[in-house]
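K.L.:
First the structure, then my questions, so here it is.
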Amino acid sequence: MKRFDNIVILTGAGLSAESGLSTFRDKDGIWAKYDYREVATPEGFRANPVLVHDFYNQRRRALADVQPNAAHLALARLEREHAGGVTIVTQNIDALHEAAGSQHLIHMHGELMKALCAHCGERHAWGGDLGLDTACPTCGRVGGMRPDVVWFGEMPYQMERIYRALTAADLFISIGTSGNVYPAAGFVAEARSAGAHTVELNLEPSEGASVFAEAHYGPATRIVPAFVDTLLGAKR
Ligand code: BJW
């Protein structure tokens with residue numbers, strides 16, 4: 001395999017599935033149990049904030065019991081041992097990339113272990129539950145605290161930085177994402193048109209599978225470490 005200088009990796013819920021976290025669109029996934037319009041839109045939060053807080057409080061509590069799996073660890077090893085740049089853009093709001101040791105990481109859909117105050121705009125590390133009566137530690141007002149996650153209709157975080165990385169990438173790898181949600185689903189086309197080699201690593205072909213130049217299908221804990229071994233073994 002050719003040696004690559006700038007690697008950008010997009011990750012999705014499938015990467016954390018074998019750590020015990022549910023995906024969204026698989027048959028027993030989160031959207032089979034919840035209507036995304038009720039729990040993952042600003043309109044849903046305005047209509048029923050108690051339901052939305054409950055949804056994210058449950059998911060935040062579940063994070064206490066999960067550990068990074070072999071795929072997260074392999075990506076952290078790639079960042080440590082690869083001579084060029086490695087940027088991970090994750091759609092996941094868990095903290096498993098950080099727990100595995102990845103450092104050059106962008107959480108484009110936010111972080112469940114952070115809270116955002118709609119009144120003053122401050123972000124806070126947050127490990128407990130959020131509710132209507134939670135006061136913002138900065139401005140002291142109640143009723144404005146929400147999970148620091150990106151809902152449908154909101155702008156994902158750090159888009160300029162992401163597009164700069166995509167434009168400079170010579171290898172783009174998409175892992176464990178169904179390719180249903182934009183703008184992330186469009187990154188492969190962006191990277192490809194900038195000249196990058198594009199690789200899909202997923203359990204099954206995603207919505208955008210035909211756009212990738214190379215693909216490997218199987219569970220992330222098997223195919224990601226194998227692909228990282230190949231990359232790290234590549235010579236100039
Ligand atoms: C495994 C595995 C194993 C399983 N090993 N693999 C019409 C056209 C185009 C766009 C739009 C449109 N109408 C509306 C839009 C925009 C909208 C959108 O994309 N909607 C679509 C539904 C059509 N997007 C937005 O609103 C976004 N904002 C936006 O567009 O702003 C404007 C903008 C304009 C221009 C530039 C930039 C921006 C915001 C999207 C926010 C998404 N938020 C969520 C929830 C919040 C966080 C949370 O609660 O966790 O983010 S939705 C949910 O989906 C979550 C995820 O991050 C996201 C992606 O899901 P993911 O990761 O792909 O999971 P799954 O379940 O779908 O797939 C898992 C995959 O893993 C599967 O393929 C499995 O096979 C695989 N797998 N086990 C390997 N062991």
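Coordinate-derived values only; no laboratory data. If you're wondering where the values come from, they're calculated on a predicted model, not measured in any experiment. Here the Cβ positions follow ideal geometry from the backbone for every residue, glycine too, while neighbour counts run over all protein chains shown.
K.L.:
Using a simple spin-label model with points 7 Å from Cα along the Cα→Cβ vector, what separation in nm is obtained for residue 141 and residue 182?
P.N.:
Going from the residue 141 label point to the residue 182 one covers 3.3 nm.
K.L.:
Ranking request for peptides 186-199, 51-64: highest mean number of other beta-carbon atoms within 10 Å first, then the rest in descending order.
P.N.:
186-199, 51-64
K.L.:
Oh, and also: May I ask for the equivalent-ellipsoid semi-axes of region 13-115, computed as the square root of five times each C-alpha gyration tensor eigenvalue and listed largest first in whole Å? Mind dumping the intermediate values first?
P.N.:
Working: eigenvalues 159, 41, 28 Å².
They are 28, 14, 12 Å, listed from largest to smallest.
K.L.:
Let me ask you something else. Calculate one ³J(HN,Hα) per residue across region 215-227 by plugging θ = phi - 60° into the Karplus curve 6.51 cos²θ - 1.76 cosθ + 1.60, and present them in order as whole Hz with x for glycine and proline.
P.N.:
Once θ is set to phi - 60°, the couplings for region 215-227 become 8, 9, 10, x, x, 4, 5, 9, 7, 6, x, 5, 5 Hz.
K.L.:
Let me ask something else. Tilt of helix 70-81 relative to the longest C-alpha principal axis of the chain, in degrees (0 to 90, nearest 10)?
P.N.:
60 degrees
K.L.:
Counting pairwise Cα distances across the chain, what percent come out greater than 31 angstrom?
P.N.:
On the way: 6352 of 27730 pairs.
Of the Cα pairs, 23 percent sit more than 31 Å apart.
K.L.:
Under 5 Å between amide H atoms, partner at least 5 residues away or on a different chain: which partners does residue 197 have, H built in plane at 1.01 Å?
P.N.:
Amide H neighbours of residue 197: 171, 172.
K.L.:
Run the numbers on region 89-181 and let me know its relative contact order in percent, using alpha-carbon pairs under 8 Å that are six or more apart.
P.N.:
On the way: 124 pairs, mean separation 22.7, N = 93.
Relative contact order for region 89-181 comes out at 24 percent.
K.L.:
Helix 159-168 against the longest principal axis of the chain: what's the angle in degrees, Cα atoms only, rounded to the nearest 10?
P.N.:
Tilt of helix 159-168: around 0 degrees.
K.L.:
For residue 67 and residue 232, what is the calculated FRET efficiency with R₀ set at 41 Å and r taken between the beta-carbons, to the nearest 0.05?
P.N.:
0.95
K.L.:
Regarding region 182-231, what whole-number volume in Å³ per residue does the convex hull of its Cα atoms give?
P.N.:
78 Å³
K.L.:
Compute the long axis of helix 49-63 from its Cα atoms, compare it with the longest principal axis of the Cα atoms of the chain, and write down the angle in degrees, 0 to 90, nearest 10.
P.N.:
Value to nearest ten degrees: 50.
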